[in-house]
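One structure is given below, encoded as structure tokens.
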Amino acid sequence: MRYLLSLTLAFGFLTTMSTADEGHDHDHECALDYRVKNIDGETVDLEDHEGNVVLIVNVASKCGYTKQYAGLEEIYKKYADKGFVVLGFPCNQFGGQEPGTEADIKQFCSTKFNVTFPMLSKVEVNGDGATDIYKYLTSKDVKPAGTGKVKWNFEKFLIDREGQLVNRFRSSTAPGDDELVQAIESELAKKE
């Protein structure tokens, strides 16, 4: 009887561990090893973007950098056929500059900037409430911005085709800046 109880407890422990793994609640070796909600509230698996070069950006509608939406859309369209994608994560943590609902954000992006790149659900990028992908991204020390908290809206994280974080750029780096464009082109030149 004791053996059966031990076996049952061990099986329950292993089942719990397996369930946690399925939810991606473990140490990540890949920046895209997360499930998130898109702007329409549907769960999406970021692993679907593995094999692409991905630029992750925390965005806001009422920021001095909001005009960067146009540049993000421009580079997305320019390089999409080469395997490049931009992922926009709305965030209201900086000056309350993204106060709207997902529906408001979606309408703003499509009518004001004709955004066609994937937009995700509003998240927090810093602190205890930060979404897991941002906890991961901000823990990695990559050039030129290094590690630590996101400082403002429109910080950019560049992920290579294998899902590894390779660069981080502060908000002041516009989507068309040479340093960012060269980093994107360099990663796109590397075949899967």
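Summary table below
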{"read-out": "Nitroxide proxy distance, nm - points 7 Å out along Cα→Cβ at residue 35 and residue 177", "value": "3.6 nm"}
{"read-out": "Cα-based reach from residue 140 at 25 Å (exclusive), listing lysines while leaving out same-chain residues under 8 positions away", "value": "37, 122, 149, 151, 156, 190, 191"}
{"read-out": "Spin-label proximity, residue 111 to the stretch 43-75 - amide N less than 11 Å from point 7 Å beyond Cα toward beta carbon", "value": "none"}
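Each reported figure results from applying straightforward, stated rules to the coordinates on display, with no laboratory input. In this text the structure is predicted, and so the values were computed from the model without any measurement. Glycine gets a Cβ as well: all are built from the backbone with ideal geometry, and neighbour counts include every protein chain shown.
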